[in-house]
Structures are given as structure tokens and as C-alpha cells.
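Report on the following structure.
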Amino acid sequence: MGTFIDFIIEHLAQFLQFTAFANMTIGHVIMICIGLYFIYLAIAKEFEPMLLIPIGFGILIGNVAFAPGYQIGIYESGSVMNYLYFGVLQGIYPPLIFLGIGAMTDFSALISNPKLILIGAAAQLGIFGAYCLALALGFSPTEAGAIGIIGGADGPTAIFLASKLAPDLLGAIAIAAYSYMALVPVIQPPVMKLLTTPKERLIRMKPPRAVSKVEKVIFAIAGMLLTTFIVPSGMPLLGMLFFGNLLRESGVTKRLADTAKGPMIDIVTILIGLTVGASTQATTFLTLKSVGIFALGAASFVVATFGGVMFVKILNLFLKEGNKINPLIGNAGVSAVPDSARVSQVVGLEYDKTNHLLMHAMGPNVAGVIGSAVAAGILLSFLA
Amino acid sequence: MQRRIKHFLTGIAVLLLIFVGTNVAKSQSAGDLKFNEILVLNDSSAVDDFGMHTAWIEIFNSSYNTVNIGGCFLTDDLSNPTKYWIPTGDPATLISARFYTVFWADDKPTRGIFHLNFDLKQAKTIALYNADGKTLIDKVDIPADQKPDITYGRPNNESTQWVYLEKSTPRSNNDYTKKKSAGEVFVEIDPYGIGMTIIAMFVVFLSLAILFVIYKNMGRFFIRRGAAANTPKSGEVKVSTKFSEEEMSGEVNAAIAMALYMYQNELHDYENTVLTINKVSRNYSPWSSKIYTLRKSPR
């Protein structure tokens with residue numbers, strides 16, 4: 001009988017060693033708190049809930065401490081989470097997300113006022129500002145490139161590039177990119193207000209002209225060919241973006257477009273969010289490098305906003321009265337679609353209740369998506 | 001019609017010219033295989049799977065995809081290109097991307113598919129032919145002055161020149177020197193990232209500026225075309241409309257679209273039934289009869 005009780009006690013003790021309580025570290029607790037905070041932000045504050053809920057819950061999943069060797073963790077070969085993470089590591093999910101983005105994006109604002117495209121280029125300054133800062137802080141060139149792309153304010157692009165240049169930092173970069181995208185309404189307005197005068201904020205822009213279907217179809221094809229001929233390494237992202245847009249604009253592939261912008265992008269968003277969140281295991285995530293990445297990410301958003309707004313101000317020097325651009329749409333050059341365009345609208349309405357900037361801001365906003373993908377391609381070409 | 005066909009054919013010809021002029025893409029097939037290193041006099045170098053020191057030939061898959069060498073031919077006699085047929089259907093003949101495989105030139109083909117039916121003692125040339133036995137994939141002339149255990153090969157994977165190598169490296173890269181990554185090389189010259197910023201911003205601006213130029217001009221073209229379409233031809237009486245497509249701003253279009261949307265979606269309360277004018281007939285069928293689908297009560 002005594003032997004049997006010993007047997008029970010011994011196995012209970014053994015089982016306890018397998019529980020998360022026994023393997024928990026302070027790092028896991030911190031990460032779980034961060035995950036809970038993300039979920040709180042998503043539900044209570046409605047900050048990017050589509051992203052923060054999967055990422056936040058992924059953080060919880062990734063930080064349930066387990067005994068290694070049972071194919072449980074995301075970094076253990078053969079585990080379910082490891083299989084799902086494969087799409088992140090190999091850069092499969094980001095192009096699929098771009099396909100969906102292409103299928104849901106209306107480039108009319110851009111086509112009707114093509115000079116807005118250039119704002120999308122100027123705002124990429126944030127990427128290279130962060131790249132320079134990261135080099136100065138001692139990050140390796142590939143790490144600096146992967147960190148810099150946070151400034152593009154584009155989660156899928158950041159994941160795509162980080163998976164190629166610095167897979168070790170992927171979790172931190174993805175979390176930083178998505179966190180700051182959610183915080184666009186907090187980060188951008190002070191910079192926009194600081195850089196503009198009251199008179200500039202009241203500039204009214206001409207309403208965009210109607211764009212024909214032919215123009216939209218040509219845009220999807222010409223846009224893909226031109227951008228990928230210049231930067232072929234951006235092809236996975238740009239190709240899928242414009243392909244999705246052609247599905248939408250051709251008018252004859254409605255079912256495909258609906259799938260791309262509906263169920264497919266939803267599925268991939270769930271997978272990418274959950275696995276990126278789960279990749280933040282305390283043991284790999286809580287490092288000084290992650291702190292540096294978060295600091296650089298914030299700086300890159302500020303620089304990107306600065307670049308966009310200042311470019312519009314400079315452009316206005318050469319534009320005739322009546323054709324001038326409201327510099328409050330300069331911030332939308334980062335590719336956080338449509339959040340940064342919404343910020344332009346909200347800040348614009350603060351100064352003139354009847355001056356709606358949303359449609360104008362969508363131009364640089366979608367140009368920013370193209371610009372950040374091109375920038376990612378350039379970094380990949382030089383650093384990989 | 002003839003003019004259209006002429007334009008179409010001209011377009012095809014231009015596309016073909018562009019294709020021919022720029023076709024440098026890799027085919028990702030057996031054509032990407034190339035000889036990489038050979039050892040003619042093997043005294044104490046690598047041993048085969050029978051523990052024998054024999055001459056060997058290393059082949060490199062220069063493509064970025066797995067290539068099957070099965071079905072190709074190896075020979076030491078150009079007048080007999082199909083001297084040794086590499087068997088098909090064996091997974092060992094699959095060469096991974098940027099990887100190597102070794103054939104033993106020992107004239108003992110009974111020892112396995114990687115053992116050739118010739119050796120290199122008298123060989124002046126070795127060649128690899130495609131599965132058709134005619135298309136030459138790669139060929140190497142072997143100098144006469146071969147030394148024991150000194151391999152002859154390409155100094156690196158991209159080189160076209162052949163030299164005597166300091167180390168024999170079967171199934172691995174001939175260039176074993178420490179290399180800097182592209183990023184490290186870039187940062188050596190540009191430690192603060194200023195150069196990268198200038199180049200990258202230039203390229204981003206260039207890409208989007210080209211789109212800008214094209215769309216600016218295309219926009220003008222479409223506006224002109226729209227205006228021309230609205231201008232009545234001579235003798236034609238055109239009913240004047242208050243708004244042309246171009247005169248209507250995006251905001252007007254948005255308002256119309258919103259009104260239509262609301263009309264279509266919010267006109268009625270939500271109803272979960274379908275109204276139909278089709279005849280609803282309920283013809284009797286034993287397949288749908290309740291009598292046959294209900295369990296009978298026990299007596």
C-alpha cells in the first residue's frame with residue numbers, strides 16, 4: 001500500500017514539473033501582462049482589434065511555460081504552432097495579405113490626383129531614418145534593415161522583410177510594427193500640428209475627379225510592371241497587391257476579389273496575428289534588443305510623419321494657388337491603411353468642420369503601401 | 001480591321017524582341033548543371049562507398065531549384081555522348097538547389113548508379129549531355145599534367161575558369177574563404193546609412209515618380225477623350241446633358257452611390273422570407289411522405 005502511495009505521490013510530483021506553474025519565469029508573467037494589455041486595448045479602446053486580439057492572444061499562448069521536448073512550443077520542430085509559424089518564417093502570409101489589401105483598395109484617389117503618389121515616397125524617410133539610427137546603436141546591417149522597415153507602418157511588409165533579413169528579431173519587429181500602427185492616432189497628430197501653420201491646415205483641396213474603369217485596370221497592370229521592373233525583389237508583395245487590385249477592378253472576377261478581400265485575408269490575418277504573437281516567448285523576446293527595436297520603431301513613425309508633412313509643404317511652394325495640398329495629409333504617406341488617412345481627416349476637422357480630407361489622404365495612404373513595398377525590396381537587394 | 005491586325009502583330013513582334021533581348025532567366029532544369037571539380041589521381045583523397053580511392057567528378061546544381069540529373073549522360077568521349085546513362089527514378093539523382101553530387105570514375109558501373117563505366121586515366125575531356133543525348137550541358141577539358149590528390153575545378157561557383165585547387169572539396173563549395181555578407185560590405189563603405197538613405201529614397205521616388213508621370217498624362221488623355229466623346233460631330237444633334245462624367249465630382253458620385261445603397265438596402269425592413277411568384281406544388285411522393293418517415297408507435 002505504501003509503495004502504491006509513493007507511486008502516486010511520485011507521479012503527481014512528476015506531473016507538477018510539467019505544468020506551466022513549475023516552468024514559469026518572471027519573463028513569462030511580464031509577457032502575459034503585455035498580451036492582456038493588447039487584448040484590453042483592442043476590446044476597450046478598439047485600437048486595431050483585428051490585429052491586437054490575435055496578437056495579444058498569441059502572446060498568451062506563446063508564454064504558457066512548458067517543459068521542452070514535447071513538440072508544443074512554436075520554436076519546436078514538428079509542433080502545430082511551428083507548422084503555422086512556417087508561413088511567417090518563409091514569408092508566405094504577407095504576400096497573401098497584400099493580395100487581400102489589393103482587392104479591397106480603391107486607387108481612385110491616387111489616379112485622380114497623381115501627385116499624391118509622391119507623398120507616399122517621401123514618408124518612406126522613416127524607414128531609412130530608423131535604419132541609420134539602428135546602425136548607430138550597433139545593430140548589424142541586416143538587423144538595421146529589418147528594424148527600419150517598421151517605419152513603413154506596414155505589418156505584412158515588416159514581417160516579410162524581417163523573415164528574410166533578421167528572423168531572430170521577427171517577433172519584436174512585428175509586434176512593434178503592429179503596436180505603432182495601432183498607435184498612429186496617438187503618435188502622428190502632435191507631429192502634424194507641430195509642423196503646420198494654422199493657415200496651411202485650412203487649405204481646401206479640389207474634389208477628386210471621377211476615374212474610369214479603364215484607368216483603374218491600366219493602373220493595376222502598369223503599376224505592377226513598373227514597380228517590379230525597378231525593384232524585382234519587391235515582387236512578392238507588389239505583384240500580389242496589384243493582382244488583388246486587378247481582380248477587383250476588372251469587374252469580371254468579383255468572386256475571386258470577394259474571396260481575396262474577405263475570407264482569405266481574414267484567415268491569413270488570424271494565422272499571422274496568432275503566430276507572431278506566439279513567437280514572443282519570454283525567453284527569446286525579453287531582451288535589450290527588443291527594447292531598442294521598440295524605441296527605434298517609435299522614432300521611425302515620427303520621422304515618417306515628418307517626411308510626409310514636410311514634403312507636402314515643400315511641394316506647395318511650387319504649386320499654384322488652388323492646386324495646393326493640405327499638409328495634414330502628409331502623414332498618410334505611411335502605409336497604415338486607412339488609419340493614417342483617418343488621422344488626417346480627424347485633425348483636419350479640428351480646424352475646419354467642413355474640410356473633409358479623408359478621400360484626399362487615401363491617395364498618399366495607398367501610395368505608401370506601394371512605397372514601403374518598394375523600400376523593402378531595395379533593402380532586400382542591398383542587404384540580403 | 002487590317003490596321004488592327006497590323007498593330008497586334010507589331011505588338012507581338014516588339015514583345016518577342018524584348019523577350020529575346022532580356023531573357024537571362026535561369027531555366028531551373030538539367031541545363032543548370034555544371035562540372036565543378038574533378039580529381040583524376042586519387043591516392044589519399046575521398047573514398048567511395050566501397051572504401052576505394054578512385055577518380056571522381058563533382059557536378060554543381062547552379063539553379064535555385066532541385067534538379068534531377070537522372071536521364072542525362074556522362075561521357076569521356078565526345079564521339080559517344082551517351083556512354084554512361086544516369087538511371088532515372090532514383091531519389092539520389094535529385095540535386096538540391098545550389099548543391100553538389102559526386103560520380104566515381106572507376107569503370108565499375110556494377111557498384112551503383114554513381115559509379116561510371118569509364119575512368120579518367122586517359123580522359124582528355126568529360127562532358128554532360130541532356131536526356132536527348134545530343135544537347136551538351138557542360139564540358140571540361142582535362143589538362144595532362146594532373147598531380148595526385150590535387151583537384152582541378154572552379155575557384156568558386158560562379159567562375160568560368162578552371163584552376164588547380166588547394167583543397168579537395170567533394171560535395172561542398174570550392175571557395176572556403178571567409179566571406180562578408182552583402183550587408184557587411186555595404187556598411188563598410190556606408191557606416192551611418194546615409195548612402196543607403198540617398199540611394200533607396202531615390203529609387204522609391206523614381207518608382208513612384210514614373211507612376212506619377214504616367215498617370216498625370218493618362219489622366220489628361222482620358223479627360224480629353226471624355227470631352228471629345230461629349231462633343232457632337234458635324235450634322236449630329238446631341239442632346240445636352242447637364243453633367244458630363246468629368247463634371248461630376250467624386251463627392252457627387254459618392255452621394256449618388258450612398259443614396260442608391262440606402263435605397264436598395266434600407267427601403268424595407270429586414271425580411272427573412274422570400275417572395276416568389278413561382279408555383280408552389282406539393283405533389284405526393286412516398287419519399288417525402290410523413291407516413292414513411294415517422295417511427296410507428298409500439299403496439
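Coordinate-derived values only; no laboratory data. In this text, all values refer to a predicted model and were calculated from it rather than measured experimentally. Here the Cβ is made from the backbone with ideal geometry for all residues, glycine too, and neighbour counts use every protein chain on show.
Given 0.36 nm per residue, what is the gain on full extension from A:Val64 to A:Asp258 after removing their alpha carbon distance, in nm?
Numbers: separation 194, 0.36 × 194 = 69.84 nm, distance 3.69 nm.
Once the chain is fully extended between A:Val64 and A:Asp258, it gains 66.2 nm.
From the cross-link list A:Lys261/A:Lys289; B:Lys108/B:Lys147; A:Lys115/A:Lys199; A:Lys261/A:Lys313, which pairs have alpha carbons spaced over 30 Å apart?
Distance filter (> 30 Å) returns A:Lys261/A:Lys289; A:Lys261/A:Lys313.
So what are the ³J(HN,Hα) numbers for the stretch A:173-188, from phi and the Karplus equation (6.51, -1.76, 1.60; θ = phi - 60°), rounded to whole Hz, Gly and Pro as x?
Whole-Hz 3J(HN,Hα) from phi for the stretch A:173-188: 5, 5, 5, 4, 4, 5, 5, 6, 4, 5, 9, 3, x, 9, 6, 6.
In peptide A:218-225, what is the residue-averaged number of other protein chain Cβ atoms found within 10 Å of each Cβ?
Numbers: counts 4, 4, 0, 0, 5, 6, 0, 0.
Counting Cβ atoms of other protein chains within 10 Å of each residue's Cβ and averaging gives 2.
In nm, give the distance between the simple-model label positions of A:Leu36 and B:Asp107, each being 7 Å from the Cα along the Cα-to-Cβ direction.
So the two model labels end up 8.0 nm from each other.
How well do other chains shield peptide A:141-150, expressed as the mean number of their Cβ atoms within 10 Å of each residue Cβ?
3
Could you pull out every residue, at least 5 positions away or on a different chain, whose amide H is within less than 5 Å of the one on B:Asp138? Hs are placed 1.01 Å off N in the peptide plane, and Pro or chain starts have none.
HN-HN under 5 Å from B:Asp138: B:Leu128.
Cα centroids of the stretch A:57-97 and the stretch A:143-159: how far apart, whole angstrom?
What the calculation gives is 20 Å, centre to centre.
Hey, how many Å between the Cα centroid of the stretch A:109-130 and the Cα centroid of the stretch A:218-261?
Each part reduced to its Cα centre gives a spacing of 19 Å.
Arrange the following residues from fewest to most other Cβ atoms within 10 Å of their Cβ: B:Phe60, A:Phe301, B:Phe50, B:Phe118.
By the 10 Å Cβ count, ascending: B:Phe50, B:Phe118, B:Phe60, A:Phe301.
Peptide A:230-240: average number of partner chain Cβ atoms within 10 Å per residue?
1
Can you give me the long-range amide H partners of B:His115? Hydrogens built in the peptide plane at 1.01 Å from N, cutoff under 5 Å, separation of 5 or more residues or another chain.
Placed amide hydrogens put B:Trp104 under 5 Å from B:His115.
Mind checking the dipole of the stretch B:30-177: about its Cα centre, +1 per Lys or Arg Cβ, -1 per Asp or Glu Cβ, Debye to the nearest 20?
My answer is approximately 180 debye.
Dipole of the stretch B:180-227 (Lys/Arg Cβ +1, Asp/Glu Cβ -1, origin at the Cα centre): which of B:Ala182, B:Tyr192, B:Ile223 lies farthest to the positive side?
B:Ile223
Given a cut-off of under 8 Å on Cα pairs at least six residues apart, what relative contact order in percent is computed for the stretch B:30-177?
Values: 348 pairs, mean separation 38.7, N = 148.
Relative CO of the stretch B:30-177 lands at 26 percent.
Against the longest principal axis of chain A, how steep is helix A:265-278, in degrees 0 to 90 to the nearest 10, with axes from Cα atoms?
50 degrees
How far apart, in nm, are the 7 Å Cα→Cβ label points at A:Thr197 and B:Thr125?
A separation of 8.0 nm, rounded to one decimal place.
Sort A:Ser212, A:Ser344 so that the residue with the fewest other Cβ atoms within 10 Å of its own Cβ comes first and the one with the most comes last.
Least crowded to most crowded, the residues run A:Ser212, A:Ser344.
How big is chain A by the Kirkwood estimate over distinct Cα pairs, in Å?
Details: mean 1/r = 0.0462 Å⁻¹.
Taking the inverse mean of 1/r over all distinct Cα pairs, chain A comes out at 21.7 Å.
Relative contact order, percent, of chain A when contacts are C-alpha pairs under 8 Å separated by at least 6 residues?
28 percent
If you take the beta carbon distance between B:Lys139 and B:Ser96 as r and set R0 to 22 Å, what does 1/(1 + (r/R0)^6) give as a FRET efficiency, to the nearest 0.05?
The formula returns an efficiency of 0.40 here.
Can you put B:Cys72, A:Cys132, A:Cys33 in order of Cβ neighbours within 10 angstrom, beginning with the fewest? Please list the in-between numbers first.
Values: B:Cys72 24, A:Cys132 19, A:Cys33 12.
The order, fewest Cβ neighbours first, is A:Cys33, A:Cys132, B:Cys72.
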